[in-house]
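Take a look at the structure set out below.
The values are calculated or read from the model by the stated rules, or taken from the named source; none is laboratory data. A quick note: this is a predicted structure, and the numbers were derived from the prediction, not measured. So basically every Cβ, Gly included, is an ideal-geometry build from the backbone, and we count neighbours across all protein chains shown. Just so you know, the surface numbers come from the protein's heavy atoms only, side chains and all, with ligands and any DNA or RNA stripped out. Shrake-Rupley method; radii C 1.70, N 1.55, O 1.52, S 1.80 Å.
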Amino acid sequence: MTTVFQERSSCAICGNEKEFVKIYSTNSFGSPDLDTRPPEMMRSTMHAWVQQCPECGYCASDVVKAPPEAKKIIEDEKYKSQLKDEKYPKLASLFICMSIIEEQAGNYVNAMWALIHAAWVCDDSEHPNEAKTCRNRAVEMLLTAERYGKKLTKQKGSITAILVDLLRRSGRLEDAREAIAQRRAEISEKTIITILDFQSALIKKGDVSCYTVSQAMKNKSEKK
Ligand SMILES: [Zn+2]
């Protein structure tokens with residue numbers, strides 16, 4: 001069961017106060033997707049992962065905190081037009097706006113996750129093109145974070161598994177294939193190698209749909 005509570009927070013940019021929904025506890029039964037998306041019930045708690053100040057439009061995981069750049073960014077046309085962009089589900093726009101701020105503040109890993117979360121919202125509301133755009137921008141953030149030597153995941157190989165899934169799901173099959181070819185040899189974790197082999201098979205079939213980690217594992221045990 002997911003239990004939520006309301007918390008009154010004051011916006012770090014404009015001082016406006018609002019009650020936001022926060023997750024007290026949740027659970028997940030089953031396997032995450034290959035891009036780490038959790039199963040239910042946590043899967044359905046995304047609305048609580050991003051907050052928006054209704055007064056100034058500031059979007060963050062917690063509006064009480066803001067990087068110094070945020071005040072200027074939220075007045076930017078790019079930011080404002082994303083908030084109003086009706087092509088995107090509202091919740092996806094909030095995540096994208098959060099990613100714009102995180103990117104400008106140099107927090108590329110946070111920006112990547114915000115874009116991946118935006119893609120999940122687009123998946124759920126059947127906005128395939130918008131989901132693709134979010135995944136492509138998440139790839140950009142991932143590669144930028146790597147260039148700056150940022151630590152992306154606890155397990156070293158996990159980020160390659162995420163990168164390959166982002167590329168495959170957005171239809172960039174050749175780029176996905178290349179990413180596996182370039183990075184597979186450096187990976188020692190058996191689970192990640194199994195996932196990459198499963199991804200290779202999907203890429204060969206031109207399959208861009210969503211799969212879970214347990215489907216990748218099952219695929220391996222069936223082959224034995
Ligand atoms: Zn505000």
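Taking only Cα atoms and a 10 Å spring cutoff, compute GNM fluctuations for the chain and point out the largest among 121, 64, 164. For the chain, modelled as a Gaussian network with Cα springs under 10 Å, the answer is 64.
On the range 120-224, 50 percent of the accessible area sits on carbon and sulfur atoms, based on a 1.4 Å probe. For the chain, the list of Cys residues with no other Cys C-beta under 4.7 Å reads 122, 134, 210.
For residue 153 and residue 124, what is the calculated FRET efficiency with R₀ set at 30 Å and r taken between the beta-carbons, to the nearest 0.05?
0.80
Its Cα gyration tensor gives the range 3-112 an equivalent ellipsoid. The semi-axes, each the square root of 5 times an eigenvalue, are 25, 17, 13 Å from largest down.
If you run the Gaussian network model on the chain, springs between alpha carbon atoms under 10 Å, then out of 185, 12, 176 the most flexible one is 185.
On the basis of the beta-carbon distance and an R0 of 30 Å, residue 84 and residue 61 show a calculated FRET efficiency of 0.90. In the chain, the convex hull through the Cα atoms has an average projected area of 12.9 nm², a quarter of its surface area. Loop-located chymotrypsin sites (Phe, Trp or Tyr not before Pro) in the range 134-224 (DSSP state not H, G, I, E or B) with no more than 16 neighbouring Cβ atoms inside 10 Å: 148.
To the nearest 10 degrees, how steep is helix 158-169 against the longest Cα principal axis of the chain, on a 0 to 90 scale? Value to nearest ten degrees: 90.
Placing unit charges on the Cβ atoms of the charged side chains and taking the dipole of the chain about its Cα centre, the candidate lying farthest along the positive direction among 153, 82, 44 is 153.
Put simply, the C-alpha atoms of the range 64-162 give a gyration tensor, and the ellipsoid matching it has half-axes of 22, 19, 10 Å, longest first.
Farthest towards the positive end of the charge dipole of the chain, among the residues 63, 221, 171, is the Cα of 221, using unit charges on the Cβ of Lys, Arg, Asp and Glu. For the range 154-224, the alpha-carbon coordinates run over 26, 25, 18 Å along the three principal axes, in decreasing order.
Extension gain, residue 207 to residue 2, is 70.5 nm, computed as 0.36 nm per intervening residue step minus the present C-alpha separation. The amide H of residue 41, built 1.01 Å from its N in the peptide plane, has 27, 28, 29 as neighbours under 5 Å, considering only residues 5 or more places off or on other chains. In the context of the full set of protein chains, the range 137-211 has a per residue accessible area of 53 Å² (1.4 Å probe). Distance between Cα centroids, the range 174-190 to the range 45-76: provide it in whole Å. If you average the Cα positions of each part, the centres end up 36 Å apart.
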